[in-house]
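Chemist: Structure in C-alpha cells, see below.
The values are calculated or read from the model by the stated rules, or taken from the named source; none is laboratory data. Predicted model only: the values in this text are computed from it and were never measured. Quick reminder, even Gly has a Cβ in these numbers, built from the backbone with ideal geometry, and neighbours come from all protein chains shown. Surface accessibility is based on the protein's heavy atoms, side chains included, excluding ligands, DNA and RNA. Shrake-Rupley method; radii C 1.70, N 1.55, O 1.52, S 1.80 Å.
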Amino acid sequence: MTHLSPRARIAVIVLVVVVLSGAAAGYTVRAAKDRQQASADSGFTLARRGLYFQDTGSGRTARQPGDGGPRATGGPSCDRFYAAGGTALCLRRRPGLPPRAYAVVLDRRLREVRRIALPGIPNRARVSASGRMLSWTMFASGDSYATSAFSTRTSILDLRTGYLVKNMEQIPLTIDGRRHHAPDLNYWGVTFARDDNRFYATVSTGGRTHLVEGDMRRWSARALRANAECPSLSPDNTRIAFKKKVSGDPGRPWRLYVLDLRTMSEHPLAERQSVDDQAAWLDDRTLAYGRGGDIWTVPADGSGEPRLLVPDASSPASVS
C-alpha cells in the first residue's frame, strides 16, 4: 500500500475540493441557465388574447394577436407548450443522456411556480380551461413490453390540491364492460372537461388504440370506442377532435376527425394530409394543428379547406 506524506495528502485533499467545487459551480450555472431559458421576458404574459405557439426559429413561445397584428416573441423556451385559464405548461428537454426533461408550470405572468423533473422526451401538453388540471405525455425508453424503442408515460397534476398522478396506468380501466389488466397499457393525449373532473385520453393495449373517458373523483376510466388518438375536447364539451388511423402507410397513417359525443357519430375534416398532432380548438367552430413545421387551421364541421395560420410554428393554444 502506498503511503503519502502529509504534504501530499494535503495536496490531494485540496485537489478533490477544487474538483467538487467546480462541479457544484457548474451544476449551479446550468440550473440557473435552465431557469432563465424557461422564463419569459417581462413584457410577455398571458394577459394578451391570441394564439400562443412555439416559434421554430427562436425555440421560444410566441403570440399571434387575434386582430392579425405582428407576431410577438419573448416567451419561455419549450419543446411543447399549452396555456389556459391563466396557467401555462412548458415541457422542455434537458441536455444529456438518457433523455430527460422538465415540466414547468407557469402563472399568468409566465413566472415559474413549479418544476417537475421527468424522464423521456416531451410529446403532449394540456391545461384545463380553468387552469387547474395539467397533463403531459413523455416518450420513454427501456420498457420490456414495448413493441418498439419507446413507450409513453402520461401524468396529471391537480394544481389546487398539488396531487400528481405520475403514471396514468394506475387508473383502473374498463374495456367492453370488463376490467382490463395488461402489462402493455400506454396512455397519451389527455384533454379535460370544464368540470376539471372528467377527462378523455388515448389508451393503447393489445395492438389497438381506444378513446377513453375518465373520472378523477371515481378514479376510473372506460373505453368509448376504438381507433382514436390524441383527443381534444371542444370548448362546449360536446365534440372531440382526434386523429384516426386510416392507412397502413407509415408516411400517411392518420386523418383528423371530429366525434359528436351525444350521438357518437363522426366525420372527417377537410384536411386530407396526415396529421400527427393533438389538435387545439380555437373556438367551437375551428381547429388548429401542427403539420409540416407550420400551424394550420380547418373548420370543425368538415367543410372548407385547410388554411395556413402561422408558418414555422407548433404547439398552438388559443388564449382568450
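Chemist: Inside the stretch 95-114, can you point out the residues that are within 25 Å of THR45 (Cβ to Cβ) and either among the hydroxyl-bearing types (Ser, Thr, Tyr) or open to solvent by 50 Å² or more (accessible area, probe 1.4 Å) (or both)? Spell out the reasoning first.
Modeler: Residues of the stretch 95-114 within 25 Å of THR45 (Cβ to Cβ): 101-114.
Across the stretch 95-114, the qualifying residues are TYR102, ARG108, ARG109, ARG111, GLU112, VAL113, ARG114.
Chemist: Which of the residues belonging to the stretch 205-237 are buried (at least 21 other Cβ atoms within 10 Å of the Cβ) and assigned to a loop (DSSP other than H, G, I, E, B)?
Modeler: Answer for the stretch 205-237, where residues must be buried (at least 21 other Cβ atoms within 10 Å of the Cβ) and assigned to a loop (DSSP other than H, G, I, E, B): just ALA228.
Chemist: Of all residues in the stretch 69-83, which are buried (at least 17 other Cβ atoms within 10 Å of the Cβ) and either aromatic (Phe, Trp, Tyr) or more than 14 Å from ALA47 (Cβ to Cβ) (or both)?
Modeler: First, pick out the residues of the stretch 69-83 that are buried (at least 17 other Cβ atoms within 10 Å of the Cβ): 72, 74-83.
Within the stretch 69-83, PRO76, SER77, CYS78, ASP79, ARG80, PHE81, TYR82 qualify.
Chemist: Scan the stretch 166-193 for residues that are assigned to a strand (DSSP E or B) and surrounded by fewer than 17 Cβ atoms within 10 Å (Cβ to Cβ) and jot them down.
Modeler: Correct list: THR174, ARG178, ARG179.
Chemist: A further question follows. Looking at this structure, is GLY68 outside any strand (DSSP E or B) and modelled with pLDDT under 95?
Modeler: Numbers: outside any strand (DSSP E or B): yes; modelled with pLDDT under 95: yes.
Answer is yes for this residue.
Results for (1) farther than 20 Å from ALA228 by Cα; (2) among the hydroxyl-bearing types (Ser, Thr, Tyr); (3) assigned to a strand (DSSP E or B), shown as yes or no for each residue.
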position: PRO250; (1), (2), (3): no, no, no
position: LEU259; (1), (2), (3): no, no, yes
position: HIS267; (1), (2), (3): no, no, yes
position: SER274; (1), (2), (3): no, yes, no
position: LEU282; (1), (2), (3): yes, no, yes
position: ILE295; (1), (2), (3): yes, no, yes
position: VAL298; (1), (2), (3): no, no, yes
position: LEU308; (1), (2), (3): yes, no, yes
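Chemist: Still on this structure, please answer the following. Could you check how many residues of the stretch 272-284 are over 25 Å from ALA83 (Cα atoms) and charged (D, E, K, R)?
Modeler: Final tally of qualifying residues: 1.
Chemist: Let me confirm something: among ARG115, ARG109, ARG93, which residue is assigned to a strand (DSSP E or B), farther than 27 Å from GLY293 by Cβ and among the basic types (Lys, Arg)? Outline the logic, then answer.
Modeler: Working: ARG109 fails: assigned to a strand (DSSP E or B); ARG93 fails: farther than 27 Å from GLY293 by Cβ.
Result of the check over ARG115, ARG109, ARG93: ARG115.
Chemist: Restricting attention to the stretch 269-306, and to residues there that are within 23 Å of THR137 (Cα to Cα) and charged (D, E, K, R), which single residue is least open to solvent (accessible area, probe 1.4 Å)? Step through it out loud before you land on a result.
Modeler: Applying the first criterion (within 23 Å of THR137 (Cα to Cα)) to the stretch 269-306 yields 274-282, 287-296.
Adding the requirement that they be charged (D, E, K, R) leaves 276-277, 291, 294.
Numbers: ASP276: 88, ASP277: 7, ARG291: 54, ASP294: 33 Å².
Applying the filter and picking the extreme gives ASP277.
Chemist: Another one. Enumerate the pairs (first residue in the stretch 145-169 and at pLDDT 95 or above; second residue anywhere and among the aromatic types (Phe, Trp, Tyr) and exposed (fewer than 13 other Cβ atoms within 10 Å of the Cβ)) with beta-carbon separation below 9 Å, excluding pairs fewer than 6 apart on the same chain, so at least 6 apart or on different chains.
Modeler: ILE156/TYR163; LEU157/TYR163
Chemist: Answer yes if at least one residue in the stretch 89-100 is modelled with pLDDT under 95 and touching a helix residue (DSSP H, G or I) at 6+ places or on another chain (Cβ under 9 Å), and no otherwise.
Modeler: There is at least one residue in the stretch 89-100 that is modelled with pLDDT under 95 and touching a helix residue (DSSP H, G or I) at 6+ places or on another chain (Cβ under 9 Å).
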